[in-house]
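Okay, so here's the structure we're looking at.
The values are calculated or read from the model by the stated rules, or taken from the named source; none is laboratory data. Being a predicted model, the structure only gives us computed values, none of them experimental. Using ideal geometry, Cβ is built from the backbone for each residue, glycine included, and neighbour counts are taken over all protein chains shown.
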Amino acid sequence: MDAQAKQRISMRAVLLSFGVLLANIVVNGLIFKFFRDSTLNPLLTAVLAVLWGVLGVYLIYYTLSWAAEQYPDYVRRRILPFIFIGPAVIVLGWLLVLPAIRTLYLSFFNASSDKFVGLGNYVAIFSDHLMATALRNNLLWVFVGTLACVAFGLLIAILADRSSYEKIAKSIIFMPMAISFVAAGVIWKFVYYYQPGDEQIGLLNAFVVALGGEPQAWASMLQPWNNFFLIIILIWMQTGFAMVIFSAAIKGVPDDILEAARVDGAGEIKIFFRIIIPFISTTILTVTTTIIVFTLKIFDVVMVMTGGQYDTEVVATQFYRQFFMYRNFGYGSTLAIVLLIAVLPVIFINLRQFRKQGGF
Amino acid sequence: MAFKKKRKSGKWIVNIVLGFICLIWLLPTLGLLISSFRPAADILSTGWWKVLPHQEWKAAGDTIKLPKDVDLRGPIEVNGKTYTDDQLKAGVEVDGNRLIWENRRARVISIEKQGWVTSTDLTLDNYNNVITGKEYTLKNADGSETTEKGTGLSQAFWNTLTIAVPATVIPVLIASFAAYAFAWLRFPGRKTLFVIIIAMLVIPIQVALIPVLKDYTSLGLNGSYLGIWLAHTAFGLPLVTYFMYNFISQLPKDLFESAFMDGANHFTIFSKLILPLSVPALASIGIFQFLWVWNDYLVSLIFIGNQPGVQVMSMKIADLVGSRGNDWHLLTSAAFISMLMPLAIFFLLQKYFVRGLMGGSVKG
């Protein structure tokens, strides 16, 4: 008897839930339209937007799960999860998953996406001079940048661990991570600044002049070495990240192993290479992949420092140029897909890691 | 105990080496900060380190008056020694003093002594200038020029805030609901969906930009706040969901069982129990997402484009670099204003900041 009562879905519940769904779509659609066409004072818009973001989004969940409550238990249990994940799936699907597939599709078409060219774009980007430079530079960024970040991060983490002012030192090294690449670009443009004459206001050139050298336009004229001066900015910003994670890992090395090694007469350098490095090797791997992924997509620094001129183009800036300035959707999509292919191994590593950790 | 002693003796070397590295790390930012307070002309004529005490030649007050008819082309005799005109132009050192023309036409030489100076001529003008905004002529990508008046960095500051706050709150809320469902509800397709989310963690956002821009253009969302919020929401969602899943799935199971016993439904459990318990995680990932949006340049560049009313700070500064690359008084102060928010968050909420960053390091 109980089971029978449960299995009846009332007409009222169905109507109600569709009503709620419809009301949500209409109301949020109207708010959507309102914000799109809004000419209000930006500050007021911001406040309203925050209200909508918090209350509106919350209300969607609230009303929909209230509607689900109207159903018998076994139906509700099936609907509810989809209400909880619904908005996330819609946003992700519309703005990330489907676009990725559409970009892949576009990469097989010409500049204005109306003629199928097969793998033509892929052949073109690997043979075109500008693109080849971008690929070469990107490799340089990934290789030199990552290596330096990991090495410096490790070195500083070890030094900080043994110093008497660990906290302050870590804060100083870590601080650049908080600021934007654009601001960092300005900071370093000033460091590299060159003006003709003896009086140099850029730190690097003043230093070089003080040592009796010739001032240089570091970021532009010294091709291809100017790329390294851009990479230094990345190192300056990302070393802090590597350091913080390494520092936590080093603290996890058991003290008794270290002490035992010291009693046996091992020097600090030997301890570092024989005990600490093997002990934190997984952490080193994680940090390395993270920085590689980050460096592959480097864009802001190059854009602000040189705009991709003087042979400093990388894949992401070339993507922007092709897509946004030349409106060449074929090349643009292809470059995006090249970036995607480059991170594919990391995606597989992540998935395997997730499965290893127990998955679900 | 022998090794402890050995470590102590090596400690000062470690301290010095680390101190040197820290100094190198700090100098670029310090240079920007100090320069932003210096008058425009000073920045261009002397290095910012001249603000620190240093030795410099200063006029001692004494002058030597030569006869008016001294021939500047020949050797010039001063106090029994002879110099050339060029030497006196550049300044020539004699027993700790320096002789230099004070007025060449009147044949007056100034005697300078070396002394400690600090050029503490600091000003807030640069900040005033940048915040209120003077008239700029901005070059557009298509070569045309637009003159912009009155909208200085303050407008951009509010724009950035208008974009960053909803672009943080919306994804964090949506992701938390989804993370709860992934962790504690059973439904078909759960595994597949979550695997997709993990795969999306490191995806370069470039793969989404072209189609999304096309959609935005047809929907009229380009250059609107809503478009940017949605874009940042989507690009941030995989990471926030993953981060929140890791936290929510670790909560003890008993918590839910006792709540169910009391007759609470999932929505109540989520909003009354899970959200309050997740505050540390929400703070960490919220700060990460907020800073990500605050520092973002690419997404704004694509979806805001040339709409000056909606431009964010990073775009304004990048524009300044392009159009007024040598006006260091504007660039340094503008850059520092844009760094204020991140630095404040960094110093005040360091614990959450680091936690969010370590969890969020894989973001695309």
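Odds and ends about this structure:
- Residue match in segment A:129-140 (condition: more than 16 Å from A:Phe319 (Cα to Cα), of a type in the set (Ser, Thr, Tyr) and either within 8 Å of chain B (Cβ to nearest Cβ) or part of a helix (DSSP H, G or I) (or both)): no
- Pair list, Cβ < 9 Å and 6+ apart or interchain, from segment A:304-319 residues that are more than 13 Å from B:Leu298 (Cα to Cα) and facing another protein chain (nearest Cβ under 10 Å) to residues that are aliphatic (A, V, I, L, M) and outside any helix (DSSP H, G or I): A:Met305/A:Ala219; A:Val315/A:Ile298
- Residues located in segment A:283-306, provided they are touching an Asp or Glu at 6+ places or on another chain (Cβ under 9 Å) and either polar (S, T, N, Q) or modelled with pLDDT under 85 (or both): A:Thr306
- B:Gly322 passes every criterion in (1) more than 10 Å from chain A (Cβ to nearest Cβ); (2) surrounded by fewer than 23 Cβ atoms within 10 Å (Cβ to Cβ) apart from (1).
- Residue in segment A:76-83 that is facing another protein chain (nearest Cβ under 7 Å), crowded, with 21+ Cβ neighbours inside 10 Å and closer than 28 Å to B:Pro211 by Cβ present: no
- Taking (1) out of contact with any helix residue (DSSP H, G or I) (no Cβ under 8 Å at 6 or more places or on another chain); (2) within 12 Å of another protein chain (Cβ to nearest Cβ); (3) assigned to a helix (DSSP H, G or I) in turn, A:Gly197 satisfies each apart from (3).
- Residue ID - nearest to the other protein chains (Cβ to nearest Cβ), chosen from residues in segment A:320-339 that are touching a residue at least 60 places away in the same chain (Cβ under 8 Å) and aliphatic (A, V, I, L, M): A:Ala336
- Among residues of segment A:185-201 that are in contact (Cβ under 8 Å) with a residue 24 or more places away in the chain, those with a Cβ under 6 angstrom from a residue that is surrounded by fewer than 18 Cβ atoms within 10 Å (Cβ to Cβ) and assigned to a loop (DSSP other than H, G, I, E, B), sequence gap 6+ or separate chain, pair up as A:Tyr194/A:Ala217.
- Leading residue by the ranking (farthest from B:Ala335 (Cα to Cα)) among those in segment B:32-47 that are at the interface with chain A (Cβ under 10 Å from one of its Cβ atoms) and part of a helix (DSSP H, G or I): B:Ser45
- Condition met for A:Ile232 (farther than 20 Å from B:Phe353 by Cβ and either assigned by TED's automatic domain parsing to the domain that holds A:Val144 or touching a Ser or Thr at 6+ places or on another chain (Cβ under 6 Å) (or both)): yes
- The single condition among (1) farther than 18 Å from A:Asn28 by Cα; (2) crowded, with 18+ Cβ neighbours inside 10 Å; (3) of a type in the set (A, V, I, L, M); (4) touching a residue at least 24 places away in the same chain (Cβ under 8 Å) that A:Val97 does not satisfy is (4).
- So B:Thr241, is it among the hydroxyl-bearing types (Ser, Thr, Tyr), facing chain A (nearest Cβ under 9 Å), under 15 Å from A:Trp94 (Cβ atoms) and crowded, with 16+ Cβ neighbours inside 10 Å: no
- A residue that is facing chain A (nearest Cβ under 7 Å) and crowded, with 20+ Cβ neighbours inside 10 Å occurs somewhere in segment B:217-224.
- B:Ser271 fulfils the conditions (1) small (Gly, Ala, Ser); (2) within 30 Å of A:Tyr58 (Cβ to Cβ); (3) more than 9 Å from chain A (Cβ to nearest Cβ) except for a single criterion, (3).
- Residues within segment A:27-49 that are more than 7 Å from chain B (Cβ to nearest Cβ) and charged (D, E, K, R), tallied: 2
- Criterion applied to A:Ala46, A:Ala23 was being over 17 Å from A:Ala88 (Cα atoms), surrounded by 17 or more Cβ atoms within 10 Å (Cβ to Cβ) and small (Gly, Ala, Ser), and the one residue passing it is A:Ala46.
- Among the residues of segment A:146-159, some residue qualifies, meaning at least one is loosely packed, with under 15 Cβ neighbours inside 10 Å, within 16 Å of A:Ile291 (Cα to Cα) and in the same structural domain as A:Leu234 (by TED's automatic domain parsing).
- Exclusive hit being in a helix (DSSP H, G or I), among the aromatic types (Phe, Trp, Tyr) and more than 23 Å from A:Ile291 (Cα to Cα), set A:Phe241, A:Phe207, A:Phe246: A:Phe207
- Cross-chain or 6+ apart pairs with Cβ under 9 Å, segment A:46-75 first and within 15 Å of A:Ala23 (Cβ to Cβ), then loosely packed, with under 14 Cβ neighbours inside 10 Å and of a type in the set (D, E, K, R): A:Gln70/A:Arg12
Residues checked against (1) crowded, with 17+ Cβ neighbours inside 10 Å; (2) under 18 Å from A:Leu155 (Cβ atoms); (3) assigned by TED's automatic domain parsing to the domain that holds A:Ile158; (4) in contact (Cβ under 8 Å) with a residue 40 or more places away in the chain:
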position	(1), (2), (3), (4)
A:Gly240	yes, yes, yes, yes
A:Ile250	yes, yes, yes, yes
A:Pro254	no, no, yes, no
A:Ala260	no, no, yes, no
A:Gly267	no, yes, yes, no
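- Segment B:158-187: number of residues that are under 20 Å from B:Gly223 (Cβ atoms) and at pLDDT 85 or above: 8
- Among helices (runs of 4 or more DSSP H) entirely within segment A:1-80, having at least 3 residues that are at pLDDT 80 or above singles out A:11-37, A:42-51, A:57-69.
- Qualifying residue in segment B:288-308 (condition: farther than 24 Å from A:Phe84 by Cβ, outside any helix (DSSP H, G or I) and β-branched (Val, Ile, Thr)): no
- Subset of segment B:254-309 (residues that are farther than 30 Å from B:Gly223 by Cα and among the acidic types (Asp, Glu)): B:Asp254, B:Glu257, B:Asp262
- Scope segment B:37-84; condition surrounded by 12 or more Cβ atoms within 10 Å (Cβ to Cβ) and in contact with a Pro (Cβ under 9 Å, 6 or more places away or on another chain); matching residues: B:Tyr83, B:Thr84
- For segment A:142-172, the set of residues classified as within 28 Å of A:Val346 (Cβ to Cβ) and without any contact (Cβ under 8 Å) to a residue 40 or more places away in the chain consists of A:Phe143, A:Leu147, A:Ala151, A:Leu155, listed by residue number.
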